[in-house]
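Each remark here refers to the structure printed beneath this line.
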C-alpha cells in the first residue's frame with residue numbers, strides 16, 4: 001500500500017508567499033526586521049524572538065498559518081453585525097425569488113415533458129437557461 005505524503009513547506013516558504021501577496025520584497029522584509037539578507041533562504045526552525053517579530057510585522061495573517069499552515073491564512077477578526085430583522089427580511093426575499101425561479105423552471109419542464117409525450121418536438125429556438133446562472137442572479 002502506497003502512502004501519500006505531502007511535503008510540508010517551511011516557515012520561510014510561507015513567509016515568502018505572504019510577501020509576494022503583499023508586494024514586499026524579501027530584502028525589505030529582512031531589512032525592516034533586522035534579519036540577515038539570506039534569512040528567507042534558510043529552512044528549518046526559527047527562534048521565538050524572530051517569530052514574534054514576524055507575526056507582528058505580518059499582523060493581518062494568522063500566526064498559526066505562518067507557523068504550521070493551520071487554516072485560515074488570514075486572520076478572521078472582522079465581525080459583521082447585521083441587524084436581525086434586516087438579515088431575516090433579505091433572507092425571506094432571496095428565498096422568495098429562488099422559489100419563484102424554481103416554480104417557473106418546474107412549469108417549463110412539465111410543459112416540455114407534456115409536449116414530448118404528445119410527440120411534439122421541443123422548441124429549440126429558446127436557448128438553454130443555466131440554473132446556476134439564474135440562481136446566482138438572485139443571491
Checklist line | Mean-position separation - Cα centroids, the stretch 38-58 and the stretch 85-113, in angstrom | finding: 53 Å
Next item on the list: Could you pull the Rg and Dmax for the stretch 11-68, using just the Cα atoms, both in Å?
Entry: 10.2, 25
Item checked: Spin-label pair residue 21/residue 113, simplified geometry with 7 Å Cα→Cβ offset, distance in nm -> 4.7 nm
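No value in this document is a laboratory result; all are computed from the given coordinates. Just so you know, these numbers come straight off a predicted model, no measurement behind them. Ideal geometry is used to build each Cβ from the backbone, glycine not excepted, and the neighbour counts take in all protein chains shown.
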